[in-house]
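Just so it is clear, none of the values below were taken in a lab; they were calculated from the coordinates. Values in this document were obtained by computation on a predicted structure and should not be read as measured data. Quick reminder, even Gly has a Cβ in these numbers, built from the backbone with ideal geometry, and neighbours come from all protein chains shown.
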Ligand SMILES: [Zn+2]
């Protein structure tokens, strides 16, 4: 399970000016600029044992993977009552490594110079979310699941561990760390590599508080200057085909990934994607470049951007905001007004930056349909066993009815789940096509789970349970099995009392 640490002793490495004051770590190079291979699970475990209870650091195990590896949680706070809570988590995809490596350098730096951690920051770090995938070099975890599609039902021990931390800590700011291929086949075919060393996007689900979305976007926009100062090309995260013919868009607004899944808890939430060179022989400095680019952003989040009080206030307001009158059920990236964007790519042969004019860079999140928010959701007794763990994992309060209750409610019928790539909506499979029925008076049976749409959990309840949403629980096998052709979904939209 653990790897030998051959070749990683400190001898012969160029030590930085602080090296003399630093205790030796035999697990990875002292200077992150010289790192040429990722830090393994075994090396990380040994390193974390050396920093536990050093200075402001505490290391605990938050969970265990299906293959028995530990999910580590590192806490750093300088005492008192730090007001601003930050959560960094990395390597949900086991083959996307540099966020983890950078977080271990961040932890190392805090162990050695605790004064670098601002006194008002309560910092929580899960450096390796998917140790089984990391050791196997795979995107998926040891059970074959894509953890970054598991944020609604949290079926896997890794996502369950993450959300235990989220429920306890309630971070004001959270960052999910990934990588993408800088020299993908598509780019290679055109003689290009991706322009940025690192990219980033913020919360964008349209049910989230607009102030929080705007505050997150300010962090994204201002990161360009931070990375420029560190010597790294930066652009806002985009995904999609090649310009100018094919569409590019920003990160997915759906809640089955970490960005908006953790974002359901009301804080600022980000995804970072570093650009990794593929191929058999990536340049020696490729990993070091990503780690350096990551560290610039991590320290920026920790040190603050001068808007901390504003961000705190926005998050607190968002968490006490009543649920909006409408719940978006279909939303997608569009380019209103057909704005032409100059999309940068690097010409592989020359290293020159080319700016490709394109009208297919989607600029804006648009809502295409929205339903009036119901008063509550009612989950049928036949589905209670499947939904209860999800409600608990998402910290959504509910009442199990002991006696019948008469209400006016709307049923929804699942027509189909589309498993293919969806070109129109630019998303992978799992889109659920649902018909909303006319409201009728019904008697809810005892054993029904009653979920009121009130309080801090209302946004999560609406996003997780709304049966008319295009992406929700019915894309998952356990929940899909609760549906039958022509039969109502097991969640009713309660729109009024029995007498109307
Ligand atoms: Zn990823």
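Each listed q (0.22 Å⁻¹) maps to a log10 I(q)/I(0) for the stretch 319-433 from the Debye sum over equal C-alpha point scatterers, namely -1.40. With 14 Å as the cut-off, how large is the P(r) tail for the stretch 243-293, expressed as percent of Cα-Cα pairs? Here the long-distance tail beyond 14 Å is 68 percent of all Cα pairs in the stretch 243-293.
Residue separation of residue 367 and residue 184 scaled by 0.36 nm, minus their Cα-Cα distance, works out to 62.8 nm of gained length. For the stretch 374-497, the convex hull drawn through the C-alpha positions has a volume of 106 cubic angstrom per residue. Counted by neighbouring Cβ atoms within 10 Å, the residues 412, 177 run from fewest to most as 412, 177. Where both residues lie in the chain, what percent of DSSP beta bridges are antiparallel, nearest 5? Taking every DSSP beta bridge within the chain, about 70 percent pair in antiparallel fashion. Return one number: the angle in degrees, 0 to 90 and rounded to the nearest 10, between the long axis of the Cα atoms of helix 381-393 and the longest principal axis of the Cα atoms of the chain. Compared with the principal axis, the helix lies near 30 degrees. For the chain, the Cα-based Rg and Dmax, in that order, read 23.5, 81 Å. Taking the convex hull of the alpha carbon positions in the stretch 327-366 and averaging its projected area over all directions gives 3.7 nm². The angle between the Cα long axis of helix 286-303 and the main principal axis of the chain comes to about 60°, on a 0 to 90 degree scale.
Round to the nearest 0.05 the FRET efficiency obtained for residue 46 and residue 285 when R0 = 25 Å and r is the Cβ-Cβ distance.
Working: r = 26 Å, r/R0 = 1.02.
So the FRET efficiency works out to roughly 0.45.
Between residue 356 and residue 58, the distance separating the two model label sites (each 7 Å from Cα on the Cα→Cβ line) works out to 5.0 nm.
Cα centroid separation, the stretch 375-411 to the stretch 442-499: 7 Å. A Cα-only calculation for the stretch 137-282 places Rg and Dmax at 16.3, 48 Å.
Mean residue ellipticity at 222 nm, helices only, the chain: -8000 deg cm²/dmol; runs of at least 4 DSSP H residues each add -39,500 (n - 2.57), and the sum is divided by the number of residues. If one takes the longest principal axis of the Cα atoms in the chain, at what angle in degrees, from 0 to 90 and to the nearest 10, does the Cα axis of helix 41-51 lie? Long axis of 41-51 versus the principal axis of the chain: about 80 degrees. Let me have the relative contact order for the chain, percent, based on Cα pairs under 8 Å that are six or more residues apart. Value for the chain: 13 percent.
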